[in-house]
1. Using a probe of 1.4 angstrom, how much of the accessible area of the chain is carbon and sulfur, in percent?
2. Given the C-alpha atoms of the chain, compute the convex hull and give its volume per residue in Å³.
3. At 1.4 Å probe radius, can you tell me the per residue accessible area of the chain in Å²?
4. Residues with amide H under 5 Å of L80's amide H, sequence separation 5 or more or different chain, H placed in the peptide plane at 1.01 Å from N; which?
5. Under 17 Å Cα-Cα from K24, which lysines qualify once same-chain neighbours fewer than 8 residues away are excluded?
Amino acid sequence: MATVLLVDDEDISRGYFRVFLERKGGHRVIDAASAEAALTCYQRSPTDVVVMDLRMPGMNGLEATRALLNYDEQAQVIILSAEEDTAWAEAAQRAGAKNYVSKLQAMQRLLPAISELVSKL
């Protein structure tokens with residue numbers, strides 16, 4: 001079981017993925033409704049993996065990933081996005097994210113992506 005920080009500005013999406021990660025993955029989930037709140041939360045209590053939405057008001061997921069890695073270069077970030085364009089996945093990788101999972105494929109790809117990162121800790 002990993003501790004996952006789930007970051008998404010949409011309450012419904014955040015709630016859905018929280019239940020999915022807890023029930024299907026058996027993970028302990030801490031959530032944040034903004035990138036700024038996520039950075040504060042992580043600084044107070046680092047987690048094993050951060051699942052970060054790409055598009056959020058204020059600081060977006062790429063900016064938040066860079067800020068998080070500036071604070072802790074060992075942070076394990078997965079970008080979760082509705083965007084299917086491979087350019088976003090490449091941008092996420094350049095920002096330092098370890099993986100990019102589209103929300104359309106999340107049921108198949110998110111838990112394996114988290115497990116892969118946790119296995120390397």
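The values are calculated or read from the model by the stated rules, or taken from the named source; none is laboratory data. Note that this is a predicted model, so its numbers are computed, not measured. These area figures cover heavy atoms from the full protein model, side chains too; ligands, DNA and RNA do not enter into them. Shrake-Rupley method; radii C 1.70, N 1.55, O 1.52, S 1.80 Å.
1. Working: 3020 of 6300 Å².
Carbon and sulfur atoms account for 48 percent of the accessible area of the chain.
2. Residue-normalised Cα hull volume stands at 89 Å³.
3. Numbers: 6300 Å² over 121 residues.
Counting only protein heavy atoms, the per-residue value for the chain is 52 Å².
4. Correct list: M52, D53, L54, V101.
5. Counting by Cα, and skipping residues close in sequence, K24 has these lysines nearby: K103.
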